[in-house]
Amino acid sequence: FDLDHTLVKYNLIPLSELIYNSLRQFLVETKGYSRSLMEIPFNPQYVAKGLVFDVTTGDLLKLSGSGAVVQARHGFGTGTNGDGWLSPAQIAQRYGTRWAHFDTLLSGSSLKSALTFYTYFDIPGQQI
């Protein structure tokens, strides 16, 4: 079931790319974002639900069911290999054994320090 309780099988990669391109164009043409945003191509590697953007660090996080940071990415060119992915050591240094806001996230309370990407329609925003 989808959010509107209909049975739908999405073709996720083309759908995400369409939303990404539309959002990018809207931000540049309507909201005055830099045209350089148009040069950042869609990357299907980020098509995943349930990611969290930590506003305080600028990292995109994949959390385990217990709140541990399983993967983290910062931008497009930082990290151990210059590819944006943080190493396990960098993750441990920055987050310890558990993301500090995990319990608040589970409680359903609003978080000012994080943005969540739960649905397929949220996913393209992860890249912008």
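The values are calculated or read from the model by the stated rules, or taken from the named source; none is laboratory data. Every value quoted in this text rests on a predicted model; they were computed, and no experiment measured them. Cβ coordinates were reconstructed from backbone atoms using ideal geometry, including for glycine residues, and neighbour counts include every protein chain displayed.
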Taking the options L3, L51, L7, name whichever one is modelled with pLDDT under 85, surrounded by fewer than 12 Cβ atoms within 10 Å (Cβ to Cβ), at negative phi and touching a Ser or Thr at 6+ places or on another chain (Cβ under 8 Å). L3
Taking the range 18-37 only, how many residues are of a type outside the set (S, T, N, Q), exposed (fewer than 15 other Cβ atoms within 10 Å of the Cβ) and modelled with pLDDT of 90 or more? 3
Answer residue from the range 59-78, given it is loosely packed, with under 13 Cβ neighbours inside 10 Å and in contact with a Gly (Cβ under 7 Å, 6 or more places away or on another chain) and is modelled with the lowest pLDDT among those: G77
Show the residue pairs that are 6+ apart or on different chains and have beta-carbon atoms under 9 Å apart, the first residue being within the range 32-57 and touching a residue at least 12 places away in the same chain (Cβ under 8 Å), the second being assigned to a strand (DSSP E or B) and of a type in the set (K, R). Y46/R73; A48/K62; G50/K62; L51/K62; V52/K62
